[in-house]
Amino acid sequence: MSESNREHVDAVEQRQRAARQATGRIRHKLLVMSGKGGVGKTTVAVNLGFALARQGLRVGILDTDLHGPDVAFMAGVEGRPASAEAGRLQPIDAGLEGLSVRVLSISAFLPSRDAPVIWRGPRKAGAIAQLLGEADWGDADVLILDCPPGTGDEPLSVAQLVPAADAVVVTSPQDVALLDSRKCVNFARELDLRLLGIVENLAGFVCPGCGRRVDLFKLGGGERAAAEMGVPFLGRIPITEAMVRSGDEGRPLVVERPDDPAAVALLELAAAVRRRWDAPDAPARTSGGPEEEAVKQTGKATRKIAVACEDDRGLDGQVSGHFGRCPAYTVVEVGDGKIAGARVEKNPHFGNHQPGTMPVFVRGLGADVVIAGGMGPRAIDMFGEFGIEVVTGAVGNVRRVVEAYLRGELQGIVPCAHDHPESCGGKHEHGPDGPSGGRQ
């Protein structure tokens, strides 16, 4: 790897370590997720934060929805700039009636409320790592992370950078919302998040004139989905006029109208979340990320290396010359400088990878090193944005290639004689099975 690329990767890794360390000091970290937009996720996240504050907790709310940051608006601090002290970002005090609530959002750094954020995945990941690592949450008991809808870059970045995080999935009773919420449940399971449960929002409307109840989006779907997927159901929240007005006025409902039926449901949700935190299956909270925890438990540092492969034979397979146009990756787990295990993951972008897709995929595998036969400069930069070390010029057997890398015999980026924007199809006559063993 060139000196400039190494410096870039080091900077990314430093931001990621800072994010894990900063959030690791907070006892409870809670991702609020939804499978699709329009289900009231941010309304739930903000009111849940203020509800927990009403119960005596010190709360931070971080808006990780970079393209649609609405937390500051709903918390009543829109337009107030964030400040910095001693190199740390100071979240904005949003406390009402003496409550301890602090908010940080990308909206505090935009030139205007109408300014769009037009960023690709790597830059978004970097921004989230910076917000997580540089924010000074003081003595917060809880950090609520409002994620954008879906299971893309932002939730993935948060899940991988925040140690010992929990998750709540917000859905509406509609079938289409329930379908997408199931994906969030599986996302949490894949990334080892502790799923506290599912919340059913927009659960019915009572006419203030006649008192008739109307289930605009049906009813009970969230509870059924929770039962079918084997996760706790945390409750349902009705639609009320007061909820709509409070959101538009930047006055959280649980503070403005705590007697409103929706506010009562939100306060009950906060109590349910706290009960889940105290449940017997609650994991012990640690102060570091997964690497630090692995060292504590085994005394050995562990890491994962993703190797682009031509087949699905794992360690016995062959390294692919294409990092994107390969049918599979072998994910090699390394402990104490030795191969500890391996698994094969099919490449979902085989034959049709687009710019930026492979770094996100490899990052989702939990790898911090990617090895392939070749790679273009643009892709190398994108992997670097995710803090993933790139090693090219490898040929031959996967096991021998990884062992050569661990011995320091295969390092850095071997240039090709031609240039492709995202991949390299050139033939490399070097690597652990070749004459040079890679660039020294």
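Here's a check for you: in region 270-280, which residue that is under 14 Å from residue 59 (Cβ atoms) and in contact with a helix residue (DSSP H, G or I) (Cβ under 9 Å, 6 or more places away or on another chain) is surrounded by the most Cβ atoms within 10 Å (Cβ to Cβ)? Looking at the filtered set, the residue picked out is 273. Note on region 339-414: enclosed helices (runs of 4 or more DSSP H) holding 2 or more residues that are among the basic types (Lys, Arg) are 398-406. Among the residues of region 112-122, just one is in a helix (DSSP H, G or I) and over 15 Å from residue 148 (Cβ atoms), namely 122. For residue 109, the conditions (1) more than 21 Å from residue 251 (Cα to Cα); (2) under 24 Å from the mean Cα position of the chain (by Cα); (3) touching a residue at least 40 places away in the same chain (Cβ under 8 Å) are fulfilled apart from (3). Does at least one position in region 200-209 carry a residue that is assigned to a strand (DSSP E or B) and at pLDDT 80 or above? Looking through region 200-209, at least one residue is assigned to a strand (DSSP E or B) and at pLDDT 80 or above.
Among the residues of region 1-13, at least one is within 17 Å of the chain's Cα centre (by Cα), at pLDDT below 90 and under 23 Å from residue 134 (Cβ atoms). Once region 11-53 is narrowed to residues that are assigned to a loop (DSSP other than H, G, I, E, B) and of a type in the set (Val, Ile, Thr), the residue that is farthest from residue 251 (Cα to Cα) is 26. Where residues in region 258-283 are within 14 Å of residue 194 (Cβ to Cβ) and not in a helix (DSSP H, G or I), which of them is modelled with the highest pLDDT? So, considering only residues that are within 14 Å of residue 194 (Cβ to Cβ) and not in a helix (DSSP H, G or I), the one modelled with the highest pLDDT is 278.
Cβ separations smaller than 7 Å between residues 6+ apart or across chains give the following pairs from region 320-334 residues that are more than 11 Å from residue 367 (Cα to Cα) and assigned by TED's automatic domain parsing to the domain that holds residue 357 to residues that are surrounded by fewer than 20 Cβ atoms within 10 Å (Cβ to Cβ) and of a type in the set (Val, Ile, Thr): 328/344. Would you call residue 79 without any contact (Cβ under 8 Å) to a residue 24 or more places away in the chain, of a type outside the set (D, E, K, R) and part of a loop (DSSP other than H, G, I, E, B)? No, not satisfied. Only residues that are under 13 Å from the mean Cα position of the chain (by Cα) and at pLDDT below 85 were counted across region 165-183, and they come to 0. Within region 405-412, does at least one residue satisfy the condition of being modelled with pLDDT of 90 or more, under 30 Å from residue 124 (Cβ atoms) and among the polar types (S, T, N, Q)? No, every residue in region 405-412 fails to be modelled with pLDDT of 90 or more, under 30 Å from residue 124 (Cβ atoms) and among the polar types (S, T, N, Q).
Table: residues versus (1) surrounded by 15 or more Cβ atoms within 10 Å (Cβ to Cβ); (2) touching a strand residue (DSSP E or B) at 6+ places or on another chain (Cβ under 6 Å).
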site	(1), (2)
341	no, yes
348	no, no
352	no, no
372	yes, yes
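Looking across 143, 99, one residue alone is among the hydrophobic types (A, V, I, L, M, F, W, C), crowded, with 24+ Cβ neighbours inside 10 Å and touching a helix residue (DSSP H, G or I) at 6+ places or on another chain (Cβ under 7 Å). It is 143. Taking the stated definitions as given, is residue 254 assigned by TED's automatic domain parsing to the domain that holds residue 30 and either among the hydroxyl-bearing types (Ser, Thr, Tyr) or at pLDDT 90 or above (or both)? Yes: the conditions hold for residue 254.
The values are calculated or read from the model by the stated rules, or taken from the named source; none is laboratory data. Quick caveat, the model's predicted, so the values are computed rather than measured. Because the Cβ atoms are built from the backbone with ideal geometry, glycine has one as well, and the counts that use them run over all protein chains shown.
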